[in-house]
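Note sheet for the following structure.
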Amino acid sequence: MGRIEKFEDLEVWQKAREICKKVFEIRNSSELKSDFRLYDQINAASGSIMDNIAEGFERNGNREFLQFLSIAKASCGEVRSQLYRLRDRNYISSEELKIFWKI
């Protein structure tokens, strides 16, 4: 396996980007666009996943990268919880929720 030179090549970062894009698509296709606070929360948390992966990768060592991956993992938990809120408020269907588990 070759050395990864940029964070964009990390599969985990690519998946985090997919989550961000899907959150934005849901906003545009549901009443989530009117629930400003919840949208702001899930948008920020999903962005935090990909941003912390990128920032950690750009640091100068594995120890710092692991620290930022831990933060990204916590943001992922936050997004998962918020996705349940989207489902409970009927912004997404059960089938749409399952799509996130496959990303």
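Values in this text are rule-based calculations from the coordinates and carry no lab data. Computed from a prediction, not measured in an experiment: that's the story for all the values here. Cβ placement follows ideal geometry from the backbone for every residue including glycine, while neighbour counts extend to all protein chains displayed.
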Eligible aspartates and glutamates near residue 15 by straight Cα distance, threshold 14 Å, same-chain separation 8 or greater: 51
Cα principal axis extents for the chain, largest first, Å: 43, 25, 18
Greater than 18 Å apart at Cα, pairs in 22/98; 6/73; 22/102; 33/102: 6/73; 33/102
Crossing angle, helix 62-88 versus the chain [Cα axis fit, 0-90 degrees, rounded to tens]: 10
Mean separation of Cα contacts under 8 Å (6+ apart) over length of the range 8-102, as relative contact order %: 27
Which of 87, 37 has the fewest Cβ neighbours within 10 Å, and the rest in rising order: 37, 87
